[in-house]
Amino acid sequence: MRTIARFPLYILAFIVLGLIFGYLTFKVLSFSRTVEVPDLYGKSLLESNKLLGNKNLYLKIEGEDYDALIPTGNIIRQDVPAGNKVKERRGIKVIISKGPRIQSIPMLVDETLVNAESLLLQKGLKIGKVIPVHSDVIEKDRILAQKPGPEDQVSEMITVVVSLGPYEHRYSCPDFTGMPLEQAAELAKQLNLKVISEGSGEIVQAQKPEPGRQIKTGDTIYLKLF
């Protein structure tokens with residue numbers, strides 16, 4: 001009977017000891033030493049990672065900013081100043097350099113939109129707004145104007161005016177059959193149409209699209225000669 005009566009006490013003691021050991025284990029595992037934060041200013045990411053790793057810290061990149069002195073990709077700021085004490089396994093937030101701010105904007109007029117975007121990307125700039133307009137002189141997708149220009153104050157966002165080419169005109173396709181090739185080509189040119197011919201003759205025998213079909217400026221007319 002006494003053994004049975006003591007049994008609940010043993011269980012209670014076991015539970016209490018388990019809680020005590022669990023608490024002590026948690027405290028031991030969660031304990032971290034404090035370490036001194038190294039100076040990362042001006043250093044590369046590779047060098048900074050090594051310095052932080054030696055302190056059981058890690059690097060966390062928060063963003064980029066321009067800096068005239070620090071090379072591109074190197075660190076210009078850190079959230080915890082060098083020499084401060086922090087616990088191990090902490091991330092140190094840093095801002096890396098984008099290099100010096102661009103001193104000039106390239107000339108984009110007469111460039112294609114694709115080429116202009118590539119030129120700006122090389123200088124850390126980008127097109128912020130594209131204004132499309134029709135032009136009978138400048139071919140489609142070429143830049144007519146830009147703001148700011150090469151002589152203006154530098155801006156990271158560039159506005160460009162881009163040609164859509166001439167306005168489209170829709171009309172019924174003429175009948176080219178029976179015409180000499182030279183005459184048919186001249187008429188197509190006046191209507192801003194492209195001509196592709198096949199055959200060794202000089203007279204148009206057939207055509208596509210057929211006469212009377214709806215076409216627009218810039219379309220291609222296929223002529224069969226005999």
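Just so it is clear, none of the values below were taken in a lab; they were calculated from the coordinates. Worth saying up front: this structure is predicted, and the values here are computed from it rather than measured. Quick reminder, even Gly has a Cβ in these numbers, built from the backbone with ideal geometry, and neighbours come from all protein chains shown.
Taken about its Cα centre, the range 113-163 carries a charge dipole of roughly 120 debye when the Cβ of each Lys and Arg holds +1 and the Cβ of each Asp and Glu holds -1. Of the peptides 109-115, 211-217, the order by per-residue mean of other Cβ atoms within 10 Å, starting with the highest, comes out as 109-115, 211-217.
Rounded to the nearest 10 degrees, what's the angle between the helix 113-122 long axis and the longest principal axis of the chain, both from Cα atoms, 0 to 90? Computed tilt is about 30 degrees.
How much of the DSSP beta bridge set in the range 113-163 is antiparallel, as a percent to the nearest 5? That works out to approximately 35 percent antiparallel.
Using the Cβ-Cβ distance between L225 and V109 with R0 set to 45 Å, the FRET efficiency from 1/(1 + (r/R0)^6) comes to roughly 0.60.
Relative to the longest principal axis of the Cα atoms of the chain, the long axis of helix 2-30 lies at roughly 50 degrees.
For the chain, the longest principal axis of the alpha carbon atoms and the long axis of helix 45-54 meet at an angle near 10°. Summing Cβ point charges (Lys, Arg +1; Asp, Glu -1) relative to the Cα centre of the chain gives a dipole of roughly 2380 debye.
Here the Gaussian network model covers the chain, with springs between Cα atoms less than 10 Å apart; of Q183, Q78, Q122, Q183 fluctuates the most.
Dipole magnitude for the range 31-100: computed about the Cα centre from +1 point charges on Lys and Arg Cβ and -1 point charges on Asp and Glu Cβ, it is near 380 debye. Under 15 Å from a point placed 7 Å out from the Cα of E36 along the Cα-to-Cβ direction: which residues of the range 53-93 have their backbone N that close? Counting backbone N atoms under 15 Å from the label point, the list is 54-56, 81-87.
With 0.36 nm allotted per residue and the present C-alpha distance subtracted, the S118-V154 stretch has 11.2 nm of extension available. Checking the cross-link pairs K129/K208; K60/K147; K55/K98; K60/K123 against a 31 Å limit on the alpha carbon distance flags K129/K208; K60/K147 as lying beyond it. Of the residues A68, G218, G178, the one whose Cα sits farthest towards the positive end of the charge dipole of the chain is A68 (charges of +1 on Lys and Arg Cβ, -1 on Asp and Glu Cβ, taken about the Cα centre). Using θ = phi - 60° in the Karplus curve 6.51 cos²θ - 1.76 cosθ + 1.60, the 3J(HN,Hα) couplings for the range 179-185 round to 7, x, 4, 4, 5, 5, 5 Hz; x is entered for Gly and Pro.
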